[in-house]
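The values are calculated or read from the model by the stated rules, or taken from the named source; none is laboratory data. None of the values given here were measured: they were computed from a predicted structure. When we count neighbours, we look across all protein chains shown, and the Cβ atoms used for this are built from the backbone with ideal geometry, even at glycine. Ligands, DNA and RNA are stripped out before the accessible areas are found, and what is left, the full protein with its side chains, is counted by its heavy atoms. Shrake-Rupley method; radii C 1.70, N 1.55, O 1.52, S 1.80 Å.
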Amino acid sequence: MKTPAKSEPAAETQPSDKPFPIKRLFKRRIIPAFLVFISIFLILIGFTARHVTESIYLELAQRRAQTIARAVEYHAPKSWKQLMAGQTLADLQPATAKDLATAFIDEVRELNLQELKVYDLERKVLFATHAEEIGTMENGDALRNVIKQATSEVVTKTLADGTQQYELYVPVFENDKQLRAVFELYEPVGYLNAILINAAVPTMAIPGVLLLALVFALYSLVNRAQTDINLRTDALNELRHRIETFVSASAAKAAKNADSTGAIHSRKVITTLLFSDVRSFTSYAEKSSPEEVVNFLNQVMALQVDVITEHGGDVDKMIGDAVLARFDGADGGKRGVAAARNIIKAINAGDYPRQIGIGVFRGEVISGSIGPESRRDFTVIGDAVNISARLCSAAKASEIVVDAALANADFGPPEEIQVKGRQESVTIRRLKI
């Protein structure tokens, strides 16, 4: 009997019905995070490589500057001293200046330098491979920092043809470790970079391949896990939906809304109760086969559940040949009576061996979980439930007996009946369909 499942509004998809989206989260979070990590890693490698390259260039420039200084001092000691005293090449005697220039040019050629400048501590050019620059002043920040801090500096300069070169400012010290001059050497950007790249590519390729393999392995694992989660979630949802066909929609909703301890709190509510029962069912069951009885009950129950659901009701329970349904809300009475009418009309229109009687009553009930934790039943209890059952007992075949407050003009005149278990009489009205 899966028909009762139609009566449960809880069948709407809840967040818990959906499988955990581990694959989607992996794609949206883990893979982007991995790409960000790789990007940061490459940027850090780039900065590190640049720093290492500049450090190597500066170290080489420092050694070359000291080599040039020693060589020039050896070949032209007199002019070297004059140069260190602050005299430019133009200030020296022609013969002395020629010896000094020859010594510098020989070293520039020997070390395969593009260009060389020598500054004093006042930032004046004492010597330059381009003679027109001798005697000029340099105001760059790099030169100022070298003179102030006595440490090497490197500046990357883009030339007119688009190529880049390093301008290396190197302090030159005398034997007493005192700063005497600053050499500016020029090196093309490229050959050390190429060496570092050639050395770094194989080093980075292996970890890169391993990381990619790890990502693919994780993706495969996540994909399998998502498939397994989907299958398990579908199985759990199917089982839950099947179980919910055996309970009311109110019970299913209460179970979903239970607190963390599993407790379902009871509460008092005003609701309309519809109680239906097959007339002369016992005699029919005694004369019919079990298969015929069950088939008849399934048809009648399915019909009632469909009508109750269409009118916004909820089947609380089915007890043998009886049905107890509730219609919550302010218009529950109107919907409950309409459902009762349509149920009897549908039964009368069908070829059924027995008819039913229905009682409808609106009153206060206690809605909650009854029984131990091992076997609970979510239902309604109270005087209103008892009265609805007694009104049903008072109804003849194809008749509706309702609380007089719920009846309309179609119903018969008011009657006073005594209900078992209740001292006060109940005013009812009847409707024969």
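Hey, among Ile270, Ile243, which residue is open to solvent by 80 Å² or more (accessible area, probe 1.4 Å), modelled with pLDDT of 90 or more and β-branched (Val, Ile, Thr)?
Ile270
Hey, among Ala65, Ala33, Ala49, Ala71, which residue is open to solvent by less than 70 Å² (accessible area, probe 1.4 Å), modelled with pLDDT of 90 or more and part of a helix (DSSP H, G or I)?
Within the list Ala65, Ala33, Ala49, Ala71, the selection yields Ala71.
Collect the residues in the stretch 106-123 that are in contact with an Asp or Glu (Cβ under 9 Å, 6 or more places away or on another chain) and of a type in the set (S, T, N, Q), keeping them in residue-number order.
Scanning the stretch 106-123 gives a single hit, Gln114.
Report the residue count in the stretch 391-433 for those that are of a type outside the set (D, E, K, R) and part of a strand (DSSP E or B).
8
Quick check on the stretch 154-183: of everything there that is open to solvent by 30 Å² or more (accessible area, probe 1.4 Å) and acidic (Asp, Glu), which residue is nearest to the chain's Cα centre (by Cα)?
Out of the qualifying residues, it is Asp161.
State all residues of the stretch 385-400 that are of a type in the set (Val, Ile, Thr) and at pLDDT 95 or above; if no residue qualifies, say none.
The answer is Ile400, and nothing else.
Of these, Ser260, Ser250, Ser283, which one is modelled with pLDDT under 90 and more than 30 Å from Arg362 (Cα to Cα)?
Exactly one of Ser260, Ser250, Ser283 is modelled with pLDDT under 90 and more than 30 Å from Arg362 (Cα to Cα), namely Ser260.
Would you confirm whether any residue within the stretch 352-364 is in contact (Cβ under 8 Å) with a residue 12 or more places away in the chain, of a type in the set (Gly, Ala, Ser) and more than 17 Å from Ala394 (Cβ to Cβ)?
Checking the stretch 352-364: not a single residue is in contact (Cβ under 8 Å) with a residue 12 or more places away in the chain, of a type in the set (Gly, Ala, Ser) and more than 17 Å from Ala394 (Cβ to Cβ).
Only residues that are open to solvent by 50 Å² or more (accessible area, probe 1.4 Å) and either within 18 Å of Asn348 (Cβ to Cβ) or touching a residue at least 60 places away in the same chain (Cβ under 8 Å) (or both): list them for the stretch 406-429, please.
The answer is Asn408, Asp410.
Any residue at all in the stretch 343-363 that's farther than 26 Å from Thr282 by Cα, open to solvent by 30 Å² or more (accessible area, probe 1.4 Å), touching a helix residue (DSSP H, G or I) at 6+ places or on another chain (Cβ under 6 Å) and modelled with pLDDT of 90 or more?
Yes, some residue in the stretch 343-363 is farther than 26 Å from Thr282 by Cα, open to solvent by 30 Å² or more (accessible area, probe 1.4 Å), touching a helix residue (DSSP H, G or I) at 6+ places or on another chain (Cβ under 6 Å) and modelled with pLDDT of 90 or more.
Which of the residues that make up the stretch 106-122 are of a type outside the set (A, V, I, L, M) and either buried (at least 16 other Cβ atoms within 10 Å of the Cβ) or touching a Lys or Arg at 6+ places or on another chain (Cβ under 7 Å) (or both)?
Residues satisfying the conditions are Glu107, Lys117, Tyr119, Asp120.
Given Ala90, Ala69, which one is among the small types (Gly, Ala, Ser), out of contact with any Gly (no Cβ under 7 Å at 6 or more places or on another chain) and in contact (Cβ under 8 Å) with a residue 12 or more places away in the chain?
Matching residue, one of Ala90, Ala69: Ala69.
When you go through Ile319, Ile343 one by one, which is the residue that is in contact (Cβ under 8 Å) with a residue 60 or more places away in the chain and at negative phi?
Among Ile319, Ile343, only Ile343 is in contact (Cβ under 8 Å) with a residue 60 or more places away in the chain and at negative phi.
Would you check if Tyr57 is at pLDDT 85 or above, open to solvent by less than 30 Å² (accessible area, probe 1.4 Å), touching a strand residue (DSSP E or B) at 6+ places or on another chain (Cβ under 9 Å) and not small (Gly, Ala, Ser)?
no
Return the pair list, or none, for Cβ contacts closer than 6 Å from residues in the stretch 373-399 that are within 18 Å of Val337 (Cβ to Cβ) to residues that are open to solvent by less than 10 Å² (accessible area, probe 1.4 Å) and at pLDDT below 90, at least 6 apart or on different chains.
As it stands, the answer is Ile387/Val419; Arg390/Val419, since those pairs meet every condition given.
(1) open to solvent by 50 Å² or more (accessible area, probe 1.4 Å); (2) at pLDDT 85 or above; (3) in a helix (DSSP H, G or I); (4) of a type outside the set (Lys, Arg): which one isn't true of Thr151, the others all being true?
(3)
Condition (residue is within 29 Å of Ile31 (Cα to Cα) and open to solvent by 90 Å² or more (accessible area, probe 1.4 Å)) applied to the stretch 217-228: is it met by at least one residue?
Yes, some residue in the stretch 217-228 is within 29 Å of Ile31 (Cα to Cα) and open to solvent by 90 Å² or more (accessible area, probe 1.4 Å).
When Asp403 is evaluated against the numbered criteria (1) surrounded by fewer than 20 Cβ atoms within 10 Å (Cβ to Cβ); (2) at pLDDT 90 or above; (3) farther than 25 Å from Leu297 by Cα, which criterion, by number, is the only one it fails?
(1)
Which one is farthest from Ala65 (Cα to Cα) among residues in the stretch 80-100 that are open to solvent by less than 20 Å² (accessible area, probe 1.4 Å) and among the aliphatic types (A, V, I, L, M)?
Among those residues, the one meeting the criterion is Leu92.
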